[in-house]
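The values are calculated or read from the model by the stated rules, or taken from the named source; none is laboratory data. Since the model is a prediction, treat every value here as computed from it, not as a measurement. Positions of Cβ are generated from backbone atoms using ideal geometry, with glycine treated the same way; all protein chains shown enter the neighbour counts. In case anyone asks, the SASA skips ligands and DNA or RNA and just uses the protein heavy atoms, side chains included. Shrake-Rupley method; radii C 1.70, N 1.55, O 1.52, S 1.80 Å.
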Amino acid sequence: MIDFHYSDFFADPSKQTKPEAWESKSFEELKAAVASHTSSVLKAIKSTGVEPKWIQIGNETRNGMLWGNGQLWTNNGDIKNGWQNYVALSNAGYDAAK
């Protein structure tokens, strides 16, 4: 199993920080970065003769991922378009993994 964190640091429910290199990307560019990263890592792994049986897109993402863009809520309530953005980012990784 490979578990993508999409962060420069360990990602967990209380911290889903975007990689520094992705900070200034538009939402469309961020989706493309998720897809590209997922695809390139999986191709690199496969080139060594290893094929993961399971792939997890994001790590402990119960409050979203790549915060700022894919976060679902704060202490003040739900974030507008949070679910829509989270699903789009997750699907970018999922589609690339397929």
For this session: Select from the range 49-62 the residues that are in contact with a helix residue (DSSP H, G or I) (Cβ under 9 Å, 6 or more places away or on another chain) and assigned to a loop (DSSP other than H, G, I, E, B) and list them in ascending order.
Result: 51, 52, 58, 61
Exercise. All but one of (1) open to solvent by 70 Å² or more (accessible area, probe 1.4 Å); (2) modelled with pLDDT of 95 or more hold for residue 49; which doesn't?
Worked result: (1)
Problem set entry | Lone unmet requirement of (1) of a type in the set (Gly, Ala, Ser); (2) open to solvent by 60 Å² or more (accessible area, probe 1.4 Å); (3) outside any loop (DSSP other than H, G, I, E, B); (4) closer than 20 Å to residue 97 by Cα for residue 21 | (4)
For this session: Kindly establish whether residue 36 is touching a residue at least 12 places away in the same chain (Cβ under 8 Å), loosely packed, with under 14 Cβ neighbours inside 10 Å and assigned to a helix (DSSP H, G or I).
Result: yes
Exercise. Filter the range 69-96 for residues that are among the polar types (S, T, N, Q) and within 17 Å of the chain's Cα centre (by Cα); which is most open to solvent (accessible area, probe 1.4 Å)?
Worked result: 84
